[in-house]
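Remarks on the structure that follows.
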Amino acid sequence: WWVHERSTETMTTTMSVLTELGGLVAVPVIAVAWAGLLWWRGRRRDAAVLAAAVIGSTLLNGILKAMFQRDRPDFWEHLVVESSYSFPSGHAMASMSLAASLAVIARSSRWRWPAIVLGAVYVLVVGFSRVYLGVHFPSDILAGWCVAIVWVTIVVAVLDGASRRRGRVRGS
């Protein structure tokens, strides 16, 4: 209610634009472009991390929404139209999957801290926009972030494990 009571037309327009940065159009476009650039530069593992993180989290989100079937908040009229279930937030999962995978990719470079800080701001803005627009409970956002972090961790562990196994096979 606190967020909704402070809504203005300008803020609603701003949040409607910002929420799209975590949507099912922006995140895949950014991820595909970035993964393509990484692949082209010979960073195949990083491209695979990014692609698997974003694609996998999108699929996982659909499965979880179907399992939980949580209705969206109905405290007030939604400021944007959404037709899927609420839990977990797909925007929160997508934005966190993108930000976390980019932070992992940048972890051993000079871009580590900028990636972490910009990623944190990005996911917070997208998450807040979803609550502001009235289409998610805060718990939907938190769940999306948590599931995405676990998913990215699994992707990195699997790809790193596969890479180590390939290295041992070649070294044998």
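The values are calculated or read from the model by the stated rules, or taken from the named source; none is laboratory data. Just so you know, these numbers come straight off a predicted model, no measurement behind them. All Cβ positions, even for glycine, are placed from backbone atoms using ideal geometry, and neighbour counts span all protein chains on display. Ligands, DNA and RNA are excluded from the accessible area calculation, which covers all protein heavy atoms including side chains. Shrake-Rupley method; radii C 1.70, N 1.55, O 1.52, S 1.80 Å.
Within the set of pairs 6 or more residues apart or between chains, which connect a residue that is open to solvent by less than 10 Å² (accessible area, probe 1.4 Å) inside the range 87-98 to a residue that is assigned to a loop (DSSP other than H, G, I, E, B) with Cβ atoms less than 8 Å apart?
Ser89/His136; Ala92/Gly22; Ala92/His136; Ala94/Gly22; Ala94/Gly23; Ala94/Leu24; Ser95/Leu21; Ser95/Gly22
Evaluate the range 1-18: report whether one residue or more is under 24 Å from Val150 (Cα atoms) and either exposed (fewer than 11 other Cβ atoms within 10 Å of the Cβ) or within 13 Å of the chain's Cα centre (by Cα) (or both).
Checked against the condition, which is being under 24 Å from Val150 (Cα atoms) and either exposed (fewer than 11 other Cβ atoms within 10 Å of the Cβ) or within 13 Å of the chain's Cα centre (by Cα) (or both), the range 1-18 yields no hits at all.
Collect the residues in the range 107-124 that are open to solvent by 50 Å² or more (accessible area, probe 1.4 Å) and within 12 Å of Ala92 (Cα to Cα), keeping them in residue-number order.
Leu124
For every residue, the table says whether it meets (1) more than 13 Å from the chain's Cα centre (by Cα); (2) more than 21 Å from Ala48 (Cβ to Cβ); (3) modelled with pLDDT of 95 or more.
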residue: Tyr85; (1), (2), (3): yes, yes, no
residue: His91; (1), (2), (3): no, yes, no
residue: Tyr132; (1), (2), (3): yes, yes, no
residue: Gly144; (1), (2), (3): no, yes, yes
residue: Leu159; (1), (2), (3): yes, no, no
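Select, from Ala157, Ala66, Ala103, the only residue that is under 20 Å from Ala35 (Cβ atoms), among the small types (Gly, Ala, Ser) and open to solvent by 50 Å² or more (accessible area, probe 1.4 Å).
After ruling out the rest, the residue left standing is Ala157.
Select from the range 41-59 the residues that are over 17 Å from the mean Cα position of the chain (by Cα) and open to solvent by 60 Å² or more (accessible area, probe 1.4 Å) and list them in ascending order. Spell out how you get there, then give the answer.
Restricting attention to the range 41-59, the residues satisfying the condition of being over 17 Å from the mean Cα position of the chain (by Cα) are 41-45.
Listed by number, the residues that qualify are Arg41, Arg43, Arg44, Arg45.
Could you please give the count of residues in the range 19-40 that are buried (at least 19 other Cβ atoms within 10 Å of the Cβ) and more than 19 Å from Ser57 (Cα to Cα)?
1
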